[in-house]
Every structure is written in C-alpha cells, then in structure tokens.
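Notes follow once the structure below has been shown.
The values are calculated or read from the model by the stated rules, or taken from the named source; none is laboratory data. All values derive from a computational prediction rather than experimental measurement. Every residue, glycine among them, receives a Cβ derived from its backbone with ideal geometry; neighbour counts consider all protein chains shown.
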Amino acid sequence: MAQNDNNGKMSREEAGRMGGEATAKNHDKEFYQEIGQKGGEATKNSQDSDFYQEIGKKGGEATSESHGKEFYQEIGSEGGKARGNSSDDNDGKMSREEAGRKGGQARKND
C-alpha cells in the first residue's frame, strides 16, 4: 500500500490513482465507452450551445498553442486526400460519416 509522510495516511491523489488503477483492471473498453456516452448525454441535456462554443474555442486555442504550422498543413492535406477519394455523388462533398471513417483510418495508420 502506497503511503506518504502524512501519519501513514494515503493522500487523495494516491487514493484516486489506486482506485483508478483498480477500476481499470476490472472493466473493459466497452465499460468506459458506455459511461462516456452517458456522460455526454447528460452534458448535452444540461448545457446550451454557448457551453459547446466555449469549450470548442478553448480546445482550438490549446491545439493552436501546442501545434505548429506543419500540423495544420498535414491535417489539411489529409482532409484534401479524403475528399478527393470520396465516392459519394454529393456535389463533391463527403458525408460526415465518411469523413469520420476516413479520419479514423488515417489516424490508425500513423
């Protein structure tokens, strides 16, 4: 049992880490997908569009700060390739479903 110098008591950080590790050993990927989906549904039902705009803005800013020009060139290139290979006859536009699938495939191949 991990202990710190707090009179033999475990810190909250240590307890949280150990609890998380124990949970991870007892549950599979599907468990985490299910609780993530439930959390997403609960958030959707309790938040408005301003919430999503704000977190999108924060995420975009964080990505911008942590990635350089090359990152954006690469994802633009991948997007262009995916659109160019689209088999849909939708004015040259790819469906969201196809874009997601191709994006996932591209990430998996990296």
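General observations
- Scope the range 57-75; condition closer than 22 Å to G104 by Cβ and either touching a strand residue (DSSP E or B) at 6+ places or on another chain (Cβ under 8 Å) or not in a helix (DSSP H, G or I) (or both); matching residues: H67
- The sole residue among E54, E78, E41, E34 that is in a helix (DSSP H, G or I), surrounded by 10 or more Cβ atoms within 10 Å (Cβ to Cβ), of a type outside the set (S, T, N, Q) and touching a helix residue (DSSP H, G or I) at 6+ places or on another chain (Cβ under 7 Å) is E78.
- Only residues that are in a helix (DSSP H, G or I), exposed (fewer than 11 other Cβ atoms within 10 Å of the Cβ) and hydrophobic (A, V, I, L, M, F, W, C) were counted in the range 1-31, giving 1.
- Note on the range 81-110: among residues that are of a type in the set (A, V, I, L, M, F, W, C), over 22 Å from G40 (Cα atoms) and in a helix (DSSP H, G or I), the one that is modelled with the lowest pLDDT is A106.
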